[in-house]
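Visitor: Attaching a single structure in structure tokens format; questions to follow.
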Amino acid sequence: MYEPKINVGIMARKELRVTFEGVFRVGAEKFCGSHVIRCDAGKLMWGGVAYESLLFEPVDDGASFELDDVTIGVGFHWERKECQRFAGALKVIPDVDAGCCVAVNVIGVEEYLKSVISSEMSASASQALLRAHAVVSRSWLLRQLADRGKHTCAEAEEWRSTAAGDAVFDELIKWYDREDHTLFDVCADDHCQRYQGVTRQTTPAVAEAVDATRGMVLTYGGEVCDARFSKCCGGVSETFENCWENASHPYLESVKDCDAAGHCFCDTDDRSVLDSVLNNYDRETLDFFKWEVRYGADDLSELVRRRSGIDFGRIHDLVPLTRGKSGRIVRLLVKGERRSLIVGKELEIRRWLSDTHLRSSAFDVTRSADGDFIFRGRGWGHGVGLCQIGAAVMGAAGYGFREILNHYFPKAGITALYCEKE
């Protein structure tokens, strides 16, 4: 197998503003500088000419292109726009239904990973963590490419009636995963993997880590693993089926994130370690391992009504019914004056209880003397697979990348799929 190239969806706009640094070509025509591409009646308008699609290929070594107003962190509390620069080719295609231009970066897997590793975390992380993350991210990507056409059920919603105690409640179970994109292989945001081009590729250490693990993936039973990762597991990692579809993956078992003495790796306030693994916008929130959120009863009731689309009336109780192995709530009973309902899985619970996403569903709920709801929780994210902060602590403590991978994926092996480019 040779290194494949992939198509990464960067952004979609009615009008794209792109600046080419170095010489690019479309067919035999060569050019550089700033350009505007517009979508009009399902066609791409560039230089007064209509196109079905455009492929801008670099001619010069080191040539890159820059896109204005790329949105990152869509739907999260750190959402913002950035000007981003990319290596490789730029493909522009029309999205006829949306009436916009779609910018797609065509690039080799290994160059893509050099940006992913720097975008998902700080490029100054230890070499051990950078290498471990390269293997995890490469595994996830190649698993998605191998399964292309099979991701038709990326979002499942099931309504049923369930007995809980002496009562019967309606239950909504909903989960979200990556679906197949129709215009490209993967997108550039958290929905797939953060990819922010050479904008985030800031240190030679990242290139070293990707090159040192070239083609390496996690495997189980002769197949590439659908490897996952989250920011902070909160002390115990979660299993796949408690976050997404009801499928058990033995290589994504629950792991205690502790050393031999029982100290939790991701329970750290070491700023040097946190700064080495977290990008600037991730460091805007520092209560990763333990956190607390408080809502007044009226505020919580209005929040849940707005986020769920269901009018519970005044909410008077939240009752965890099922927890995963990490303590994350998988089924939560919401009791209100007008109706009560059971909701799951973990991401839907987090969406209902925050204007963006609650840090995790590993929380307990208490009531204050004045009736406020107090959420005390652990971790940031779904908690499945590699814990980025825990792995950063392991790397700083001298663990190698293979030891880190064996800690979080104890049943997986490491296999080199390729060493050459296609």
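The values are calculated or read from the model by the stated rules, or taken from the named source; none is laboratory data. Only a predicted model underlies this, so the values are computations on that prediction, with no experimental measurement involved. Ideal geometry is used to build each Cβ from the backbone, glycine not excepted, and the neighbour counts take in all protein chains shown. The accessibility values were calculated without ligands, DNA or RNA, using every heavy atom of the protein model including side chains. Shrake-Rupley method; radii C 1.70, N 1.55, O 1.52, S 1.80 Å.
Visitor: Can you tell me how much longer the chain between residue 259 and residue 338 gets when fully stretched, taken as 0.36 nm per residue apart minus their C-alpha distance, in nm with one decimal?
Guide: Taking 0.36 nm per residue and subtracting the Cα distance, the gain is 23.6 nm.
Visitor: Compute the FRET efficiency between residue 61 and residue 176 as 1/(1 + (r/R0)^6), taking r as their Cβ-Cβ distance and R0 = 41 Å, and round to the nearest 0.05. Numbers along the way, then the final one.
Guide: Details: r = 41 Å, r/R0 = 0.99.
Once rounded, the FRET efficiency stands at 0.50.
Visitor: Also, quick follow-up: What number, in nm² with one decimal, is the all-direction average of the projected area of the convex hull of the alpha-carbon atoms of segment 223-312?
Guide: In nm², the orientation-averaged hull projection of segment 223-312 is 9.6.
Visitor: Helix 127-146: angle to the longest alpha-carbon principal axis of the chain, degrees 0 to 90, nearest 10?
Guide: 80 degrees
Visitor: Specify whether the C-alpha gyration tensor of segment 263-405 places it in the rounded, prolate or oblate class, a ≥ b ≥ c being the square roots of the eigenvalues: rounded for a/c under 1.5, otherwise prolate if a/b is larger than b/c and oblate if not.
Guide: Prolate is the answer for segment 263-405, as a/c is 1.5 or above and a/b outweighs b/c.
Visitor: Related question: Want the number for residue 7 to residue 51: 0.36 nm per residue separation, take away the alpha-carbon distance, what's left?
Guide: Net length gain for the segment: 13.9 nm.
Visitor: Residue 316's amide H: which non-local residues (gap 5+, or another chain) put their own amide H closer than 5 Å, with H modeled 1.01 Å from N in plane and none for Pro or chain starts?
Guide: Here 335, 336, 337 satisfy the definition.
Visitor: Give the calculated FRET efficiency between residue 34 and residue 203 to the nearest 0.05, with a Förster radius of 22 Å applied to their Cβ-Cβ distance. Walk me through the numbers on the way to the answer.
Guide: On the way: r = 29 Å, r/R0 = 1.31.
Working from the Cβ atoms, E equals 0.15.
Visitor: Please report the net charge: other residues with Cβ closer than 15 Å to the Cβ of residue 337, K and R +1, D and E -1.
Guide: Net of charged neighbours comes to +1.
Visitor: Turning to a different aspect of this structure: From the phi angles alone, apply the Karplus equation (6.51, -1.76, 1.60; θ = phi - 60°) to segment 331-344 and give each ³J(HN,Hα) in whole Hz, x where the residue is Gly or Pro.
Guide: So the J values, rounded to whole Hz, are 9, 10, 8, 9, 9, x, 5, 9, 6, 10, 7, 9, 10, x.
Visitor: How many percent of the accessible area of the chain is carbon or sulfur, using a 1.4 Å probe?
Guide: Details: 8180 of 17750 Å².
Summing carbon and sulfur atoms, their accessible area is 46 percent of the total for the chain.
Visitor: Given Cα pairs under 8 Å that are at least 6 residues apart, what percent is the relative contact order of segment 238-362?
Guide: Normalised by residue count, the contact order of segment 238-362 is 20 percent.
Visitor: May I pose another question? Among rounded, prolate and oblate, which fits segment 5-99 when a ≥ b ≥ c are the square roots of the eigenvalues of its C-alpha gyration tensor, a/c under 1.5 means rounded, and a/b larger than b/c means prolate?
Guide: Oblate, since a/c reaches 1.5 and b/c is not below a/b.
Visitor: Go through segment 325-404 and name the GluC sites (Glu not before Pro) that are in a DSSP coil and have 13 or fewer other Cβ atoms within 10 Å of their Cβ.
Guide: Working: sites: 337, 346, 348, 403; in loops: 337.
Passing sites in segment 325-404 are 337.
Visitor: Under 5 Å between amide H atoms, partner at least 5 residues away or on a different chain: which partners does residue 327 have, H built in plane at 1.01 Å?
Guide: Amide H neighbours of residue 327: none.
Visitor: Remind me, what semi-axes does segment 333-422 give for its equivalent ellipsoid, largest first in whole Å, using sqrt of 5 times each Cα gyration tensor eigenvalue? Mind dumping the intermediate values first?
Guide: Numbers: eigenvalues 312, 61, 23 Å².
Those come to 39, 17, 11 Å.
Visitor: Also: Please report the relative contact order for the chain, taking Cα pairs under 8 Å with a sequence separation of at least 6, and give it as a percent rounded to a whole number.
Guide: Here the relative contact order equals 18 percent.
Visitor: Given 4 °C and 1.567 mPa s, how large is the Stokes-Einstein diffusion coefficient of the chain in µm²/s, with Rh as the Kirkwood radius over Cα pairs? Can you show the working numbers first?
Guide: On the way: Rh = 22.9 Å.
D = 57 µm²/s.
Visitor: Kindly report the accessible area of the chain per residue (heavy atoms of protein chains, probe 1.4 Å, no ligands, DNA or RNA), in Å².
Guide: Result: 42 Å² of accessible area for each residue.
Visitor: Enumerate the calculated ³J(HN,Hα) couplings along segment 363-379 in order (Karplus 6.51 cos²θ - 1.76 cosθ + 1.60, θ = phi - 60°), each rounded to whole Hz, writing x wherever the residue is Gly or Pro.
Guide: Values per residue, Gly and Pro as x: 9, 10, 10, 10, 10, 7, 4, 9, x, 5, 8, 10, 9, 10, x, 9, x Hz.
Visitor: Could you pull out every residue, at least 5 positions away or on a different chain, whose amide H is within less than 5 Å of the one on residue 414? Hs are placed 1.01 Å off N in the peptide plane, and Pro or chain starts have none.
Guide: Sorted by chain and number, the residues that satisfy this are 219.
Visitor: Just by accessible area at a 1.4 angstrom probe, what is the order of 53, 308, 64 from largest to smallest?
Guide: From most exposed to least exposed: 53, 308, 64.
Visitor: Each residue of segment 16-21 in order: what ³J(HN,Hα) in whole Hz does its phi give by Karplus 6.51 cos²θ - 1.76 cosθ + 1.60, θ = phi - 60°, with x for Gly and Pro?
Guide: 9, 10, 10, 10, 9, 9
Visitor: Simple spin-label model, 7 Å along Cα-to-Cβ: residue 364 to residue 162 in nm?
Guide: 2.2 nm
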